[in-house]
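Reading through the C-alpha cells given below for one structure.
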There are 2 protein chains.
Amino acid sequence: MNALTPLGMVSEFPSENQTNDTLLAGAAEEQKDYFVVRDGQKFAGMHLLVDLWGATNLADPEHIDAALREAALAAGATILHSHFHHFSPNGGVSGVVVLAESHISIHTWPERDFAAVDLFMCGCCDPYLSIPVLRRAFLPERVDIGEQRRGRVQ
Amino acid sequence: MNALTPLGMVSEFPSENQTNDTLLAGAAEEQKDYFVVRDGQKFAGMHLLVDLWGATNLADPEHIDAALREAALAAGATILHSHFHHFSPNGGVSGVVVLAESHISIHTWPERDFAAVDLFMCGCCDPYLSIPVLRRAFLPERVDIGEQRRGRVQ
C-alpha cells in the first residue's frame, strides 16, 4: 500500500495461485523474455491491444484482478505483481499485472461499458490464449484486437 | 513489497514529486479519463508503443523509475503508483507507472540495447510530450513510435 490510498481503493496482490517453488524455478533460473521467431520474423514479444465494448463487471476490482490473473495463467505467463486502483465505488478501475514475460493492463469505463486491455508477452507465452478468459469475465458484445510485434529485428 | 522479492529486486514508489494536495485535487475531484475528440474522432485515449533501439541505462531500475515518472509528468499525467522489477543485477527491468489517466510501462533487454515502452493516456494528457524525456534518459540511436487510438467511437 502506498501513501496515496485516499485517492481511491488500492489493492496489491502477490500471486496467490502459483507456488513459490514454481515461481523460483521459473523466473530466477530461466530467462523467459528471449526474442522469438515466428513466420520468419524475430521479435521481442507480442503486444495485443484489446478493446472490449458492451462489457460488464467493469467496476469490480476484485473480479477484474481475478480475471487478469486467470488470463495471464491461460497464456502460460508467470505473475510477479499486480496492482489495481478503483477510482470511486461505481467508477472505473485501472490495473496492471506485471509478468516475468512483460505485463497485462486494464482500464475500464463502466459508464460506457468499455474497457481497454493490453497484453504484452515475450518468450513462449501466447496472449491470444487470454482472450477467451476476457470474454468469459466481461461478456463483451464486441472485441477489437490489434496485434503489434514489439522489437522486430529488421 | 510482496512475498516474491526473492525473484529479483522489487521496488515500489509512491509519487514523490507531487504533493498530496495536488493529487487529491486532481484524481479525487475531477474525472481525468474522459473520452477526447481530436481530428473529428472521439476516443478513450492515445496509446503509444515506443521501441527504443541502441539505448543505454536499461539495467538500472532507479534510473528507469525516475525517467518514467518524469515522462508521466511531462505529459501532464498524475502518478498513482509505480512498480519495478529487476530480474538480475545486470539484467532487464520490467516496470509500470499507474496514472490517473492510464499507465506507462517499460520492459528492457540490456543485452540487446532494446526497450519496449508503452504510454497510454486519456483525458487531456499528451503522451508525445514524454518522448523527449525518454530520449534524454536512454539515449536511443533509433526510436520507433506506433500510435493507437483506443476506444474509438465509430
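The values are calculated or read from the model by the stated rules, or taken from the named source; none is laboratory data. Since the model is a prediction, treat every value here as computed from it, not as a measurement. Cβ: placed from backbone, ideal geometry, glycine included. Neighbour counts: every protein chain shown. To get the accessible areas, we keep the full protein, side chains included, count just its heavy atoms, and leave off ligands, DNA and RNA. Shrake-Rupley method; radii C 1.70, N 1.55, O 1.52, S 1.80 Å.
If you go through the range A:38-85 and keep only what is more than 13 Å from every other protein chain (Cβ to nearest Cβ), small (Gly, Ala, Ser) and more than 26 Å from B:Ala44 (Cα to Cα), you end up with A:Gly40, A:Ala74, A:Ala75, A:Gly76. When the range B:32-58 is filtered for residues that are assigned to a strand (DSSP E or B), of a type outside the set (Phe, Trp, Tyr) and at pLDDT 90 or above, the ones remaining, listed by number, are B:Gly45, B:Met46, B:His47, B:Leu48, B:Leu49, B:Val50, B:Asp51, B:Leu52.
The set of residues from the range B:59-72 being in contact with a strand residue (DSSP E or B) (Cβ under 7 Å, 6 or more places away or on another chain) and outside any loop (DSSP other than H, G, I, E, B) comprises B:Pro61, B:Ile64, B:Asp65, B:Leu68, B:Arg69, B:Ala71, B:Ala72.
Scanning the range B:86-108 for residues that are within 8 Å of chain A (Cβ to nearest Cβ), farther than 15 Å from A:Ile104 by Cβ and in a strand (DSSP E or B) turns up just one, B:Leu99. Inspection of the range B:124-141 finds no residue satisfying the criterion of being over 20 Å from B:Glu62 (Cβ atoms), open to solvent by 10 Å² or more (accessible area, probe 1.4 Å) and basic (Lys, Arg). Quick one: would you say A:Ala137 is farther than 25 Å from B:Glu111 by Cβ, out of contact with any strand residue (DSSP E or B) (no Cβ under 9 Å at 6 or more places or on another chain), free of Cβ contacts under 8 Å to residues at least 60 places away in the same chain and away from chain B (no Cβ under 13 Å)? When the stated conditions are applied, A:Ala137 does not pass them.
Among residues of the range B:67-79 that are over 19 Å from A:His83 (Cβ atoms) and open to solvent by less than 10 Å² (accessible area, probe 1.4 Å), those with a Cβ under 8 angstrom from a residue that is of a type outside the set (A, V, I, L, M) and assigned to a loop (DSSP other than H, G, I, E, B), sequence gap 6+ or separate chain, pair up as B:Ala67/B:Asn57; B:Ala75/B:Cys125; B:Ala75/B:Asp126. A:Glu111 meets the conditions (1) surrounded by 24 or more Cβ atoms within 10 Å (Cβ to Cβ); (2) under 20 Å from A:Ala55 (Cα atoms); (3) modelled with pLDDT under 95 in every case but one. The failed one is (1).
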